[in-house]
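Worksheet for the structure shown next.
Nothing in this text is a laboratory measurement; each read-out follows from the coordinates by a stated rule. Predicted, not measured: the structure shown is a model, and the values here were computed from it. Neighbour counts are summed over all protein chains in view; Cβ atoms, including those assigned to glycine, are modelled from backbone coordinates with ideal geometry.
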Amino acid sequence: MSAADKDREMEPMWPSLVALLAAGGLYAALPESLAIGPKGLLVAIVLLALVPTEIAHSRGCHKYCRPVGLFVISSVTVGMIVSVVLLVKAIFVNQVQPEQLLQSAIALWLTNVLVFAVWYWRLDAGGPHQRNLRGEHNHTFAAFLFPQMTLPGPEHDSWAPLFIDYLFLAFNTSTALSPTDVPVLSRWAKVLMMLQAVISLAVVVLLAARAVNIL
């Protein structure tokens, strides 16, 4: 199969766009005391940056997709981390009502899952474009060892993960604080997973538990 054929069959970017829009929407639902800048800012950034990028991607113009995508996901990540810090601070000074505290903890936990799913999808093996061009997902370039990559048989030789696989990985990391059935191969992936686990631990164990206790 030619590179052009592979480009036409490349995995679409819309799942990551939907995930980032959902993360931005969850961020907008936070109390003003837990958000930086206008609460709809992240949604606006996603729409203004990634929608044109999706159009360019569908037309085969991939040059600017990666840097724009990294900028957007970095913006959403920074906003989420700042909100987590503000939420931790709010516990000790009682700035947020118990119900808002619990709702904010849930929103940030879900945002954590979505944001890191996009990070893994966008960075693993050079990103979706590079994975598609190779036509395979092997150990040399992969940051994660998915179970399908270890199975024998020709039907698994050209297997490549989709966004749902990275979403499942991020969900497990936030829930079990570990990648469960997907070994981590690269150092950058280990750093990101540690950061995700720390955020999830702070939100679920410290914040949500505190909110339930004071209801």
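Within a Cβ distance under 15 Å of Val184, other residues only, what is the Lys/Arg minus Asp/Glu net charge? Summing Lys and Arg as +1 and Asp and Glu as -1 gives -1. Amide H contacts of Phe144 (H built 1.01 Å from N, in plane; Pro and chain starts excluded): Leu185 sit under 5 Å, all sequence-distant by 5 or more or on other chains. For the pair Gln97 and Thr175, a Förster radius of 25 Å applied to the C-beta separation gives a FRET efficiency near 0.40, rounded to the nearest 0.05.
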